[in-house]
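Read the structure below first, then the notes.
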Amino acid sequence: MRLAPLFTAIILCLTIMPAVFTQSTLGQEQEDKGIVVACSLPDFVPIVLEVVGERGEAFSVLPPGMDPHSFVLTSDDLNSLKNADIIVLANSKFLNFESKIRENFPNKTYVDFDDYKSHGLKLLSFPGCNNCVHGYWLYLDNAIAIARAVCDAVVNIDANYENYYCQNCDRFVNDILRTKGDIEKIADECGIAGDEVVTAVPGVNYVVENSCMIVGNTIVMEGGATPSAGRIAEIEDGLKSGKYRAIICPDINIKVCDIAMQVSEDTGAPVIRVRFLSNESTDYISMSYYNAAMLASLGTVYKGSECSLYLYSTIALTIVAIAELAILIMCRRVRRI
């Protein structure tokens with residue numbers, strides 16, 4: 001059975017379905033928007049929206065695709081934060097622009113790294129990056145901790161709707177647990193579990209971890225220093241020998257991706273792009289399945305595995321669920337008119 005066309009179709013559907021969902025919500029009237037939540041990073045927005053539902057709105061300060069370490073706040077950014085009821089940060093002790101937000105708005109309600117830790121967030125260690133803070137929110141278990149911390153903050157401000165927010169949060173947690181099980185089974189079925197890969201940056205390490213794969217090496221380690229010729233040679237040797245299966249890159253425009261493409265050209269190893277700080281991150285669950293599907297493609301490329309039909313049926317059901325949700329929201333908008 002030739003599954004490549006089907007795999008391509010599934011990736012395409014996972015790409016466009018979050019956009020369909022987003023477009024379906026654009027008709028919501030201003031008075032329906034309750035709590036305004038500002039997120040420092042775009043990947044936090046879909047988690048927040050899962051909790052606040054129709055009682056709130058969320059936006060990202062950092063433009064999609066930008067490096068958060070080099071980002072500098074503008075006057076427009078600061079103005080956009082004035083009306084925020086809650087500001088959700090990744091780690092204000094780590095990202096300079098987040099600490100600047102706190103300095104400019106000391107009296108705002110914040111949800112920050114320590115709040116997530118109190119709800120069970122955990123940092124994993126990878127080669128060259130102990131207790132990795134980069135991209136920790138992409139780890140499925142950590143999304144649960146973030147959602148629960150956001151729920152606490154929202155309930156404190158809008159206590160009359162506590163049951164609504166808590167139900168939304170519980171639903172999201174259950175969805176994450178189901179997704180985690182699905183992705184682990186996909187990795188096992190496709191024969192990629194336990195395989196080693198090279199990541200371009202530490203920010204995508206947790207995506208690899210979700211799929212039960214191992215980060216064997218990283219091109220640009222913590223600190224962002226340009227890799228030495230010796231380290232590049234070591235990585236290329238590992239790729240040529242088959243020790244490392246592929247190079248995993250974020251789907252954003254950063255310099256290290258150019259290095260990754262050159263390493264790929266020199267070794268013949270594939271480059272797999274996953275979503276990270278992306279403008280496509282409009283639904284956390286579909287983003288997680290998308291990234292898992294991209295990694296699962298390594299099973300079809302190298303091992304000739306058909307991954308049974310579990311991968312495709314699981315993702316197809318997710319697409320249907322997202323489509324049904326978008327239709328329900330659109331119907332609700334029509335009834336209000």
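Coordinate-derived values only; no laboratory data. All values derive from a computational prediction rather than experimental measurement. Ideal geometry is used to build each Cβ from the backbone, glycine not excepted, and the neighbour counts take in all protein chains shown.
The alpha-carbon of residue 122 sits under 17 angstrom from the alpha-carbons of these aspartates and glutamates, leaving out residues fewer than 8 places away in its chain: 112, 114, 141, 209. For residue 217, the residues whose modelled amide H falls within less than 5 Å of its own, excluding neighbours fewer than 5 places apart on the same chain, are 197, 199.
The simple spin-label model puts a point 7 Å past each Cα toward its Cβ; for residue 69 and residue 104 those points are separated by 2.3 nm. At a Cα cut-off below 27 Å, give the lysines reachable from residue 240, other chains included and same-chain residues fewer than 8 away excluded. In chain and number order, the partners are 255, 303. As a proxy for reagent exposure, 265, 189 were ordered by neighbouring Cβ count within 10 angstrom, fewest first; the result is 265, 189.
What does the charge count around residue 183 come to, taking other residues whose C-beta lies under 11 Å from its C-beta (Lys +1, Arg +1, Asp -1, Glu -1)? Could you put the intermediate results ahead of the total?
Details: positive: 178, 180, 185; negative: 182, 184, 188, 189, 209.
Value of the local net charge: -2.
Kirkwood Rh, Cα Rg: Rg to Rh for segment 184-297? Intermediate values should be presented prior to the final figure.
Details: Rg = 13.5 Å, Rh = 14.1 Å.
Here the Rg-to-Rh quotient is 0.95.
Listed by chain and number, the lysines whose alpha-carbon sits under 17 Å from that of residue 100, ignoring those within fewer than 8 places in the same chain, are 82, 108.
In sequence order, segment 111-125 has phi-based couplings of 10, 9, 3, 5, 5, 5, 4, 5, 9, x, 4, 9, 9, 9, 10 Hz under the Karplus curve 6.51 cos²θ - 1.76 cosθ + 1.60, θ = phi - 60°, and Gly or Pro positions carry x. Once backbone amide H atoms are built at 1.01 Å from N, residue 274 has 249, 251 as its partners under 5 Å, excluding neighbours fewer than 5 places away on the same chain. Given their separation in residues at 0.36 nm each and the Cα-Cα distance between them, residue 130 and residue 178 gain 14.4 nm when the chain is fully extended.
Restricting the trypsin sites (Lys or Arg not before Pro) of segment 109-158 to loop positions (DSSP other than H, G, I, E, B) with no more than 15 neighbouring Cβ atoms within 10 Å leaves 122.
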